[in-house]
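I have placed the structure first, in the form of structure tokens, so that the comments after it can refer back to it.
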Amino acid sequence: MLPELHLPWMEISVLITLLGSIWLKFTPDRDRAYKRCIRICTLTCLVTICGWIDFVSLKTFAASEPFSLFYRLFHKNLFVVDDLSAPLLPLAALLYLLTVLSTLKTKGHSFSFSNTLISEAILLSTLSSKEPWIIILLLSVATIPPLLEFRSNKRSSRVYVLHMGLFVLLLVAGGLLSSFKDQSGTLSLIAGALLTTAALLRNGIIPLHCWMTDLFDKITFGTALLFVTPMTGAYAILRLVFPIAPDWALQGIAIVSLITAVYAAGMALVQQEARRFFCYLFLSHSSLVLVGLEMATPLGLTGGLCVWISVGISLAGFALTLRSVEARTGRISLKTYHGLYEHTPTLAGLFLVTGLASIGFPGTLGFIGTELLIEGVIEIYPLVGTAVVIATALNSIAILQVYFRVFTGTHHSASISLRARIPEHVAILILVALVIGGGLYPQPGVISRNHAAIQLIQQRDEAFQENKVSVDYSISEHKHHLTTSP
């Protein structure tokens, strides 16, 4: 029996966002909808933070929710918080809050506040669940809000629909096959392969990555950012694949992810449009996270989990900065210099800080995570570790190159002020404070991610041990039947 939290924090947060979404549906005034959405996201963020503090105070590896409505209906704990998901929940809620806060009120017609809250409810439910079928269902449903924005903006969704349709099909097929009791292991192997392919597709691993660039090209920057930044593909791998996949399969995932990281870093260097640049930059970083997660060693897994948190925070701040600049100048071309530093010096500084933090600059949150990741990978595969360093170096060159293109090189004339609004400053400064604070005092975060890594490895070992016992028992029963049969 799992320990219980003092309150059902996760159910409360999901309920707040769902009721808030309904409330905003009946709020036609955009200015009022914007203010209400900020209040709802703030309340949700505070509830998830309280849940995280409550979990830490219990000093346990996992905890269920008391007074659970779902437990009374299904007699099963659908919402469970553990060492892995505890910090991811407030991080996801904070990302939604800051994205809404930095959104211009005039964007309400293209960036739906109501649909954003629905997406947040789905994401929080996904990160709160450990049940395979619940995760599969929620990951499938999460593909619908971006599709609705494709349709509302009257943009072609063919690429997105084909890839996400294949993603859902692979998830469901893998889930069905894994539910069968297969003593030979053949069906389990096929199920693992299907689930792995689905998770890699959702994470944008090559050659299944073109949907991500199409997503950033055709819908609002905020919606695309919220769909990819939480890295639910990595979460699916840890929950659905990591416990059952053999070592050689994890090594294969790590190699494919590493190839994607280097390829995407190289592509980020040659992009001529800012959104596509950010897409490839994020793709490279998220692939590096998968490299660490598939090492299946405490050091490598801890590094991957730390980089997951640091990338989620730093690249979110980087994207919000880029989004604020785009809101003033339109789509940013990287073919020419724009010279925006004189008009937006604060955004220029925040752009540089968050960008350098994402590649592990010393004194930032990403430094320790990147160091642990490289050490964990080199410990097992020295050549692979070298490729991680190459990908990180290419990403740093790409970030500095784009900084010079956007903020330097020429004198920009503007008839109106381009300075960022206070809400935009607040949103990005909060992320910068987390990046620098986590870099100066990294111990709590590293300890938390190390506990999660050890727990995941223990669960994997227990699952393999149970499978081995089941197979040995089946073989002994078969031998006994042969010896006793006439």
Sort largest first and round to whole Å: the equivalent ellipsoid semi-axes of the range 121-204, each the square root of five times a Cα gyration tensor eigenvalue.
-> 27, 15, 8
Quick calc: nm separation of the 7 Å Cα→Cβ label points for LEU429 and LEU2 -> 3.9 nm
Distance in nm between pseudo-label sites at PHE404 and THR336 (7 Å out along the Cβ direction from Cα) | 1.9 nm
Would you please calculate the Kirkwood hydrodynamic radius of the range 143-300 over all C-alpha pairs and express it in Å, rounded to one decimal?
-> 16.3 Å
Just the accessible area for TYR403, please: 1.4 Å probe, Å², rounded to the nearest 10?
-> 30 Å²
Fully extended, how many nm does the chain gain between HIS411 and ILE390 (0.36 nm per residue separation, minus their Cα-Cα distance)?
-> 4.1 nm
How many percent of the accessible area of the chain is carbon or sulfur, using a 1.4 Å probe?
-> 67 percent
Which residues' amide hydrogens lie under 5 Å from the amide hydrogen of GLU273, considering only partners 5 or more residues apart or on another chain, with H built in the peptide plane?
-> LEU334
Cβ-Cβ cut-off under 9 Å around GLY385, Lys and Arg +1, Asp and Glu -1: the net charge is -2
Between the range 39-69 and the range 191-216, how many Å separate their Cα centres?
-> 31 Å
Hey, what did the chain get for relative contact order, percent, Cα under 8 Å, at least 6 apart?
-> 14 percent
Within the chain, what is the number of lysine pairs with alpha carbons under 22 Å apart, leaving out pairs fewer than eight places apart on the same chain?
-> 19
Stretched out fully, how many nm does the piece from SER179 to PHE67 gain, at 0.36 nm a residue minus the Cα gap?
-> 37.4 nm
Nearest-0.05 FRET efficiency for GLU379 and GLN443, computed from C-beta distance (R0 25 Å) | 0.70
Normalised convex hull volume, the range 1-156, alpha-carbon set, Å³ per residue | 114 Å³
With all protein chains present and a 1.4 Å probe, how do VAL377, VAL389 order by accessible area, largest first?
-> VAL389, VAL377
Express the relative contact order of the range 89-244 as a whole percentage, based on alpha carbon pairs under 8 Å and six or more residues apart in sequence.
-> 25 percent
Tell me, rounded to the nearest percent, the portion of alpha carbon pairs in the chain spaced more than 36 Å apart.
-> 28 percent
Go ahead and estimate [θ] at 222 nm for the chain from helices alone: -39,500 (n - 2.57) per DSSP H run with n ≥ 4, summed, over the residue count, rounded to 500.
-> -24500 deg cm²/dmol
Taking Lys and Arg as +1 and Asp and Glu as -1, residues besides PRO3 with C-beta under 12 Å from its C-beta add up to -3
For ILE457, put the label point 7 Å out on the Cα→Cβ axis and report which residues of the range 290-309 keep their amide N under 15 Å from it.
-> 292-306
Average accessible area per residue (Å²) across the chain - probe 1.4 Å, nucleic acids and ligands excluded | 43 Å²
Project the alpha carbons of the range 290-330 onto their principal axes and report the range along each, largest first, in whole Å.
-> 46, 12, 6
Distance between Cα centroids, the range 95-150 to the range 288-338: provide it in whole Å.
-> 19 Å
Expressed as a rounded percentage, what relative contact order does the range 139-211 have, with Cα pairs under 8 Å and six or more residues apart?
-> 29 percent
For the range 111-128, just list the computed ³J(HN,Hα) in residue order, Karplus coefficients 6.51, -1.76 and 1.60, θ = phi - 60°, integers in Hz, with x standing in for Gly and Pro.
-> 9, 7, 5, 5, 5, 5, 5, 5, 4, 5, 4, 5, 5, 5, 5, 5, 6, 9
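The values are calculated or read from the model by the stated rules, or taken from the named source; none is laboratory data. In this text, all values refer to a predicted model and were calculated from it rather than measured experimentally. No Cβ is skipped: glycine too gets one built from the backbone with ideal geometry, and neighbour counts run over all protein chains shown. Only protein heavy atoms, including side chains, enter the accessible area calculation; ligands, DNA and RNA are left aside. Shrake-Rupley method; radii C 1.70, N 1.55, O 1.52, S 1.80 Å.
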